[in-house]
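Just so you know, all these numbers are worked out from the coordinates, no wet-lab data involved. None of these values were measured; they are calculated from a predicted model. Methodologically, a virtual Cβ is constructed for each residue, glycine included, from the backbone with ideal geometry; neighbour enumeration extends over all protein chains shown.
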Amino acid sequence: MRKRDLLLGFSTGIAAGLLVREVAHRIDPTKPAELVLHGIKQSFKSEGPIDGSWIYMKTEPFKRQSISTDVYRGGISRVREGQIEQFEFFADARTGTVVDLIKI
């Protein structure tokens, strides 16, 4: 196998991968759930340590008055002043912005 053929195959593979990624992003422009959860955890960590967190990997519809969007639903728990605090959040699937936060 010549180096030229190997380089051509490698370049074609990279170009095809980038094209597939771009098309997939245009079809479903949501942020990965793991990145959304990571951002929310970082916000909570600025106030102190957290005990646990979770997020549903699939989006669900969310409507507040006349605004509709797809969201990820998840939760955070932490211990503050000896008491367990639990929060449920709804985060916009496209931007990762928290649209609702409920203390349970």
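Being of a type outside the set (V, I, T), in contact with a Gly (Cβ under 6 Å, 6 or more places away or on another chain) and surrounded by 15 or more Cβ atoms within 10 Å (Cβ to Cβ): is that true of F62 here? Taking the combined requirement at face value, the residue does not satisfy it. Residues in region 65-100 that are part of a strand (DSSP E or B), among the aliphatic types (A, V, I, L, M) and within 15 Å of I55 (Cβ to Cβ): V71, I76, A91, V98, V99. It is to be established whether one or more residues within region 35-55 are out of contact with any Pro (no Cβ under 9 Å at 6 or more places or on another chain) and touching a residue at least 60 places away in the same chain (Cβ under 8 Å). Yes - at least one qualifying residue is present in region 35-55.
The number of residues in region 1-45 being under 21 Å from the mean Cα position of the chain (by Cα) and not acidic (D, E) comes to 24. Filtering region 25-50 down to residues that are of a type in the set (S, T, N, Q) and outside any helix (DSSP H, G or I), which residue is farthest from V99 (Cα to Cα)? Residue satisfying both the conditions and the ranking: S46.
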